[in-house]
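Trainee: I'd like to ask some things about the structure below.
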Amino acid sequence: MGPTTDEHIDLGSLLRPGTRGIAAPGCAVCESARITRIALELEDGSHVEFTNCLDCDHRVWMRGDEVLSVERVLDSARRRTG
C-alpha cells in the first residue's frame, strides 16, 4: 500500500539521492557519483533498478544483487494478455 497523505517520501533528484531504499550513489565501474538511478516496478510485479553512469556510460539493470539482461527486463515488463 502507498503512503498516506500525511507521509512524506523523499524522492531525491538527479543531484541529491533520495532515501527510497536505493543504494548509495556510485558507479560500479569508475566509482563516479555522477549517475542516474531509477527504481521501477515492472508489469510482472518485480522491482528493478536501472543505473547509468554519466561519466563512463556504464549501464546496468539490477534486481537486488542480481544483474539482469535487457532482454530479461523487457520480458518482465511485457504486459501479458489473457
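Trainee: Tabulate in residue order the Karplus-calculated ³J(HN,Hα) for region 62-77, using 6.51 cos²θ - 1.76 cosθ + 1.60 with θ = phi - 60°, rounded to whole Hz; enter x for Gly and Pro.
Mentor: Result, rounded to whole Hz: 10, 10, x, 9, 8, 7, 10, 6, 4, 4, 5, 5, 4, 5, 5, 7.
Trainee: Provide the net charge surrounding C56, with neighbours chosen by a C-beta distance below 12 Å and charges set as Lys +1, Arg +1, Asp -1, Glu -1.
Mentor: Value of the local net charge: -1.
Trainee: Continuing with the same structure: Run the paramagnetic zone check for C56: 7 angstrom along Cα to Cβ, then residues of region 30-46 with backbone nitrogen under 17 Å.
Mentor: Of the residues in region 30-46, 30-37 have backbone N under 17 Å from the label point off C56.
Trainee: Still on this structure, please answer the following. What distance in nm separates the two pseudo spin-label positions at D65 and E31, each 7 Å out from Cα along the beta-carbon direction?
Mentor: Computed distance between label sites D65 and E31 equals 2.1 nm.
Trainee: Lys and Arg at +1, Asp and Glu at -1: add these up for the other residues within a Cβ distance under 14 Å of A77 and post the number.
Mentor: Summing Lys/Arg as +1 and Asp/Glu as -1 gives -1.
Rule-based calculations on the coordinates, nothing more; no lab input. The shown structure was predicted, so the numbers you read here are calculated from the model rather than taken from an experiment. So basically every Cβ, Gly included, is an ideal-geometry build from the backbone, and we count neighbours across all protein chains shown.
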